[in-house]
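K.L.:
The structure that follows is given in the form of structure tokens.
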Amino acid sequence: MQTSLIISATLLTLVLFAFKVTAEIPPEMARATFVVHCYTVGADALSGKPGVLSVNPGWSGAREVDRVVFNTQQVSVNQLENWLKEADTYLSTLEVSMSTEPAKKMLQ
């Protein structure tokens, strides 16, 4: 009974995580996944930085990662990598996904 409850909870977590990861990226935004020594240190290094909308620490297989959604008009992947390097936690960039939808112009 307890094992099946743990398995059910794990499967639900995976489904919710998959839904979150595959959600569309808003215009002018991008998503990057960085492999880090410690995802908490990485999240702390990026949280609150200009252009960083969210940082989600977690795992990708056996690797600790930080998944970041950021505004490409305010910050580059290179700058994100540099902030992680300054925190001495950066290992590599696993993935970068850019929005393919054009930004909508505001009506005046």
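K.L.:
Scan the strands (runs of 3 or more DSSP E) fully inside the range 12-108 and keep the ones with 2 or more residues being at pLDDT below 90. So that I can check it myself, show each step before the final result.
P.N.:
Details: elements: 29-36, 52-60, 63-71, 90-98.
The qualifying strands (runs of 3 or more DSSP E) are 90-98.
K.L.:
Same structure again: Could we say that V77 is of a type in the set (A, V, I, L, M), surrounded by 15 or more Cβ atoms within 10 Å (Cβ to Cβ) and in contact (Cβ under 8 Å) with a residue 40 or more places away in the chain here? Full working, then the answer.
P.N.:
On the way: of a type in the set (A, V, I, L, M): yes; surrounded by 15 or more Cβ atoms within 10 Å (Cβ to Cβ): yes; in contact (Cβ under 8 Å) with a residue 40 or more places away in the chain: yes.
Considered against the rule, which asks whether it is of a type in the set (A, V, I, L, M), surrounded by 15 or more Cβ atoms within 10 Å (Cβ to Cβ) and in contact (Cβ under 8 Å) with a residue 40 or more places away in the chain, V77 comes out as yes.
The values are calculated or read from the model by the stated rules, or taken from the named source; none is laboratory data. Since the structure is predicted, the reported quantities are computational estimates derived from the model, not experimental observations. Cβ coordinates were reconstructed from backbone atoms using ideal geometry, including for glycine residues, and neighbour counts include every protein chain displayed.
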